[in-house]
Amino acid sequence: MNADWKATFTATFGAPASAVSARIWTEVYGDEYPAELDTYSFVTRTDLHRIAEEARLEPGRRLADLGCGRGGPGLWVAARTYATLTGIDIAETALASARRRAEALPLSDVEATDFRVGTFADTGLDDASSEAVMSVDALLFAPDKALACAEFARILVPGGRLVVTTWDFDGQPQNRPPQVADHRPLLESAGFDVLSYEETPDWRARQQRTMELSLERVEDLAAESGEDPSRLRASLEQALRNQDLMTRRVLMVASRR
Ligand SMILES: C[S@@+](CC[C@H](N)C(=O)[O-])C[C@H]1O[C@@H](n2cnc3c(N)ncnc32)[C@H](O)[C@@H]1O
């Protein structure tokens, strides 16, 4: 059965960020967990610094964040690089939260932001409208990775940078869209030169520990979200099994030819 990711993420982001999960991420990631950004991913401070550096943005240039969630990572990178930001996500509830986050920032932090509904296959952005595109732990939800790579290429200017964290898989995880073993051939076919394709530090042990602690605290998580504890347990157990099929969490950097 194909999951309805729009409905799933709309429900997730319709609720406040989970305090139980935030405590787990803090326990596992320590200072590397960017608690102030309300992330819904495994992004670390080290990843964020790499993304800002590799985006090679000059002040006033345009950054797009695809699968932006509550907007924290994109706003952090835009503030650091003085770029303008467009965040794209399938979940309107995530975008509403991202807009509130942007409005709460001091005016000087990010000059201009826009958060819009769109998908990896159809962002709604104009051709060559971004100098950089980023995406954090979201590309695995794109049903067609080749189409997503073509869309990255379409919205970037020639020479524009793509910086993405996602996972390569050996096999097809259950209840997830189709995955790939290596994103490099797709990027190259779509018109990119792949500049770097690196595993992020200690990713497997950290993810494993995060899931184990979530399972230990499933009752607290369920009480917080109002979900049925046994359904939540089943989906966490599924996520743990899916993790065995992950061969790497990769931070990829590519340049649009
Ligand atoms: C694991 S969350 C990561 C969110 C955010 N990047 C972060 O680091 O907090 C994955 C995000 O991808 C979004 N998403 C899922 N499928 C998508 C699609 N086909 N197109 C665009 N975004 C999608 C979800 O709504 C969710 O916000």
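Observations on the model:
- Among (1) at pLDDT 95 or above; (2) assigned to a helix (DSSP H, G or I); (3) over 15 Å from the mean Cα position of the chain (by Cα) - the single one Phe13 does not satisfy: (3)
- Out of Pro106, Pro173, sole residue that is within 20 Å of Glu199 (Cα to Cα) and more than 18 Å from the chain's Cα centre (by Cα): Pro173
- Residue within the stretch 196-213 that is open to solvent by 70 Å² or more (accessible area, probe 1.4 Å) and in a helix (DSSP H, G or I) present: yes
- Cβ separations smaller than 7 Å between residues 6+ apart or across chains give the following pairs from the stretch 113-140 residues that are within 17 Å of Leu186 (Cβ to Cβ) and touching a residue at least 12 places away in the same chain (Cβ under 8 Å) to residues that are aromatic (Phe, Trp, Tyr) and in a strand (DSSP E or B): Leu140/Trp167.
- All positions within the stretch 24-45 that are within 11 Å of the ligand (Cβ to nearest atom), of a type outside the set (Gly, Ala, Ser) and not in a helix (DSSP H, G or I): Pro34, Asp38, Thr39, Tyr40, Phe42, Val43, Thr44
- Considered as a group, the residues in the stretch 105-136 that are more than 27 Å from Arg257 (Cβ to Cβ) and aliphatic (A, V, I, L, M) include one that is least open to solvent (accessible area, probe 1.4 Å), and that residue is Val110.
- Qualifying residues in the stretch 17-39 (those that are under 15 Å from the mean Cα position of the chain (by Cα) and more than 17 Å from Met211 (Cβ to Cβ)) - the one most open to solvent (accessible area, probe 1.4 Å): Asp38
- Highlighted here are the helices (runs of 4 or more DSSP H) found entirely within the stretch 46-161 that include at least 2 residues which are more than 12 Å from the ligand (Cβ to nearest atom) and among the basic types (Lys, Arg): 92-104.
Here is a yes/no grid of residues against (1) under 15 Å from Leu162 (Cα atoms); (2) in contact with a helix residue (DSSP H, G or I) (Cβ under 7 Å, 6 or more places away or on another chain):
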site: Gly14; (1), (2): no, yes
site: Ala22; (1), (2): no, yes
site: Glu54; (1), (2): yes, no
site: Ala64; (1), (2): yes, yes
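- Checking Gly14 against (1) more than 17 Å from Ala98 (Cβ to Cβ); (2) within 12 Å of the ligand (Cβ to nearest atom); (3) loosely packed, with under 14 Cβ neighbours inside 10 Å; (4) in contact (Cβ under 8 Å) with a residue 12 or more places away in the chain, the condition it does not meet: (1)
- Picking from residues in the stretch 236-257 that are out of contact with any strand residue (DSSP E or B) (no Cβ under 8 Å at 6 or more places or on another chain) and either without any contact (Cβ under 8 Å) to a residue 40 or more places away in the chain or in a strand (DSSP E or B) (or both), the one that is most open to solvent (accessible area, probe 1.4 Å) is Asp244.
The values are calculated or read from the model by the stated rules, or taken from the named source; none is laboratory data. Remember, it's a predicted structure, so these values are computed and weren't measured experimentally. Virtual Cβ from ideal backbone geometry, glycine too; neighbours counted across all protein chains shown. These accessible areas exclude ligands, DNA and RNA; they are computed on the full protein's heavy atoms, side chains included. Shrake-Rupley method; radii C 1.70, N 1.55, O 1.52, S 1.80 Å.
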